[in-house]
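**Student:** My questions all concern the structure below.
The values are calculated or read from the model by the stated rules, or taken from the named source; none is laboratory data. These numbers were taken from a predicted model, which means no experiment stands behind them. For neighbour counting, all protein chains shown are included, and Cβ atoms are generated from backbone atoms with ideal geometry for every residue, glycine included.
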Amino acid sequence: MSAFSAQKWEKLFQNIDLFIQGFGTTLYIVLLGLLLSLVLGAIFGVISTSHNKVLRGIARVYVEFFQNTPLLVQIFFLYNALPYVGVFIPVKTIGIVGVGIYHGAYMAEVVRTGIEATPKGQRDAADSQGFSYVQTMLYIILPQALKVMLPPLTNVAANLIKNTSILAIIAGGDLMYQADSFASSTLAYGPAYVVVGILYFIICFPLARLSGYLEKRFGATPKPKDYTALLSAYSMGKGAAK
Amino acid sequence: MNELMNAFESVFTRSNIFYMFRGLGVTLYVALISVILSVIFGTILALFRTYGNKFLKGFSVAYIELFRNTPNLLWVLAIRFMVRMPEPFDAPMYSGILAFTLFTSAVMAEIVRGGLNSVHAGQFEAAYSQGFNFFQTMVFIILPQCYKAIVPAMLSQVITVIKDTSFLAQVAIEEFFNNSKWIMSAQIDSTVNQSMRVFIIFGFVALVYFIINFTLSCIVRNSRKKQEA
């Protein structure tokens with residue numbers, strides 16, 4: 001087990017601030033990337049359910065392009081190709097934008113399915129009350145769709161966190177990068193990968209738990225016709241408890 | 001226009017095309033073998049988690065949570081740099097296959113578990129009443145229905161695996177993106193039309209990935225529709 005020798009662990013703890021710094025960078029990129037992906041997801045998700053064919057087409061192209069090409073290729077394009085035409089983007093911004101746009105496509109699909117899952121009558125009702133399209137979405141449809149959307153959204157968020165590790169490949173200064181460069185300069189691969197694994201696990205595991213909890217809570221949303229059965233079961237249960 | 005043609009000609013020489021498509025072969029091979037192995041291991045893990053005793057269940061849960069909550073890239077790097085692959089599998093490609101199999105098995109296990117839960121409990125009772133033992137019930141009754149239900153989810157995972165094999169470029173495994181990057185760097189030394197050539201290569205790489213994955217995602221959508229109908 002020389003890969004995990006005491007000396008290597010010692011080296012790691014001497015350089016622990018590198019890992020803390022990387023962890024901070026990863027969190028920073030995750031937060032802003034998540035924000036960007038949510039905004040993009042909401043916008044493109046909503047317009048992919050609109051009546052306008054052009055808007056729907058734009059949303060379709062966005063989703064299909066970014067879901068069907070590798071994130072690494074997209075990030076490399078920003079990092080390696082754009083400088084040839086005079087566009088230089090700082091690495092961290094590349095991380096936020098790259099991860100945000102890529103996962104925005106997944107968020108958009110979640111939002112679309114969420115909106116399509118709300119009964120059509122809700123939209124008609126809002127229309128009949130004189131709500132505009134945006135108002136209908138904001139006040140009527142999205143709040144209801146949120147229940148269906150939350151579990152898959154947290155899943156996408158967890159994937160986003162894991163995928164920020166790709167920045168290591170373009171020297172993004174994130175957790176994975178710090179670990180990788182520390183490992184290749186000290187040869188302490190074992191401890192470095194273990195610590196990085198633990199740090200990613202610490203952020204991803206609670207999210208996975210949350211997703212599981214939300215799925216249990218909201219996942220089995222009863223269909224309208226089941227409500228009466230559910231209500232009577234509920235009141236019976238209450239009565240029995242008394 | 002002439003410049004563009006020249007750029008195309010210098011990028012898509014016969015040897016360059018051959019080199020890139022050989023990389024694409026490696027990409028598809030790694031993805032295919034990893035997916036096949038992950039379906040097998042994923043099924044075993046899912047059976048452990050659903051029907052196993054305390055020990056098997058604990059092992060399965062720990063495995064799944066470990067791999068689902070850490071980045072794939074971490075495993076690619078760790079396996080490549082820390083695991084010495086045994087003799088017939090010592091080519092770099094196999095460490096890629098191992099990393100992707102380990103990681104994807106956890107995802108497949110969750111997909112298969114979802115499929116197992118979707119099979120009606122009455123199917124078990126019926127099989128037992130006909131004298132099937134547990135193994136027979138699984139192989140002949142439950143798993144066929146389970147797999148049928150999870151084909152779309154498994155195919156979506158195939159898309160993810162194909163995209164993520166691009167990580168292997170980072171550990172110098174000669175897959176599609178790695179080879180394309182080599183061609184790119186060979187184009188950079190000549191000063192004429194550099195930017196055009198780099199953009200052409202990126203466009204080509206994105207297009208190839210897109211064609212493969214978009215085809216798969218159309219199949220996913222169709223099979224979902226069929227299931228819902």
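**Student:** Are there any helices (runs of 4 or more DSSP H) wholly within segment A:1-118 with 3 or more residues that are over 22 Å from the mean Cα position of the chain (by Cα) and within 11 Å of chain B (Cβ to nearest Cβ), and if so which?
**Tutor:** Working: elements: A:6-14, A:16-47, A:53-68, A:71-76, A:91-117.
Per the criteria, no element qualifies.
**Student:** Does segment A:175-187 hold any residues that are more than 11 Å from chain B (Cβ to nearest Cβ) and either touching a residue at least 40 places away in the same chain (Cβ under 8 Å) or at positive phi (or both), and which are they? Walk me through it before giving the result.
**Tutor:** Taking segment A:175-187 first, the residues more than 11 Å from chain B (Cβ to nearest Cβ) are A:178, A:181-182, A:185-186.
Within segment A:175-187, A:Gln178, A:Phe182, A:Thr186 qualify.
**Student:** Looking at segment B:157-184, which of its residues are more than 10 Å from every other protein chain (Cβ to nearest Cβ) and either under 15 Å from A:Asn68 (Cα atoms) or small (Gly, Ala, Ser) (or both)?
**Tutor:** Across segment B:157-184, the qualifying residues are B:Gln157, B:Val158, B:Val161, B:Ala172.
**Student:** Let me ask you something else. What are the residue pairs meeting all of these: first residue in segment B:205-223, first residue within 8 Å of chain A (Cβ to nearest Cβ), second residue surrounded by 15 or more Cβ atoms within 10 Å (Cβ to Cβ) and outside any helix (DSSP H, G or I), Cβ atoms under 8 Å, and 6 or more apart or on different chains?
**Tutor:** Pairs found: B:Ala206/A:Thr69; B:Tyr209/A:Thr69; B:Tyr209/A:Pro70; B:Phe210/A:Thr69; B:Asn213/A:Thr69.
**Student:** Then there is this: With the requirement that a residue be within 15 Å of A:Thr49 (Cβ to Cβ) and buried (at least 18 other Cβ atoms within 10 Å of the Cβ), what does segment A:136-152 give you?
**Tutor:** A:Thr136, A:Met137, A:Ile140, A:Ile141, A:Leu142, A:Ala145, A:Val148, A:Met149
**Student:** Another question about this same structure. Which condition does B:Ile142 not pass, out of (1) crowded, with 18+ Cβ neighbours inside 10 Å; (2) over 13 Å from the mean Cα position of the chain (by Cα); (3) closer than 30 Å to A:Phe65 by Cβ, if it passes all the others?
**Tutor:** (3)
**Student:** Sticking with this one: State yes or no: is B:Ser60 of a type in the set (Ser, Thr, Tyr), part of a helix (DSSP H, G or I) and touching a Gly at 6+ places or on another chain (Cβ under 7 Å)? I'd like the intermediate steps shown before the answer.
**Tutor:** On the way: of a type in the set (Ser, Thr, Tyr): yes; part of a helix (DSSP H, G or I): yes; touching a Gly at 6+ places or on another chain (Cβ under 7 Å): yes.
So B:Ser60 fits the description; yes.
**Student:** Of all residues in segment B:51-73 being surrounded by 14 or more Cβ atoms within 10 Å (Cβ to Cβ) and of a type in the set (Lys, Arg), which is nearest to B:Thr160 (Cα to Cα)?
**Tutor:** So, considering only residues that are surrounded by 14 or more Cβ atoms within 10 Å (Cβ to Cβ) and of a type in the set (Lys, Arg), the one nearest to B:Thr160 (Cα to Cα) is B:Arg68.
**Student:** Run A:Pro206 past the list (1) more than 12 Å from chain B (Cβ to nearest Cβ); (2) modelled with pLDDT of 90 or more; (3) surrounded by fewer than 20 Cβ atoms within 10 Å (Cβ to Cβ) and report the number of the one that doesn't hold.
**Tutor:** If we test A:Pro206 against (1) more than 12 Å from chain B (Cβ to nearest Cβ); (2) modelled with pLDDT of 90 or more; (3) surrounded by fewer than 20 Cβ atoms within 10 Å (Cβ to Cβ), just (1) comes out false.
**Student:** OK, next. Pull up segment A:68-109, narrow it to residues that are among the polar types (S, T, N, Q) and either touching a Phe, Trp or Tyr at 6+ places or on another chain (Cβ under 8 Å) or closer than 20 Å to B:Arg197 by Cα (or both), then point me to the one that is surrounded by the fewest Cβ atoms within 10 Å (Cβ to Cβ). Steps first, please.
**Tutor:** Taking segment A:68-109 and keeping what is among the polar types (S, T, N, Q), we get A:68-69, A:74, A:80, A:93.
Of the ones still in play, those that are also either touching a Phe, Trp or Tyr at 6+ places or on another chain (Cβ under 8 Å) or closer than 20 Å to B:Arg197 by Cα (or both) are A:68-69, A:74, A:80.
Details: A:Asn68: 21, A:Thr69: 23, A:Gln74: 21, A:Asn80: 16.
Filtering first and then ranking leaves A:Asn80.
**Student:** Return the pairs, sorted by first residue and then second, in which the second residue is surrounded by fewer than 21 Cβ atoms within 10 Å (Cβ to Cβ) and of a type in the set (A, V, I, L, M, F, W, C), the first residue lies in segment A:156-174 and is outside any helix (DSSP H, G or I), the beta carbons are less than 7 Å apart, and the residues are 6+ apart or on different chains.
**Tutor:** Partner pairs satisfying both residue conditions: A:Ala171/A:Val91; A:Gly172/A:Val91; A:Gly173/A:Val91.
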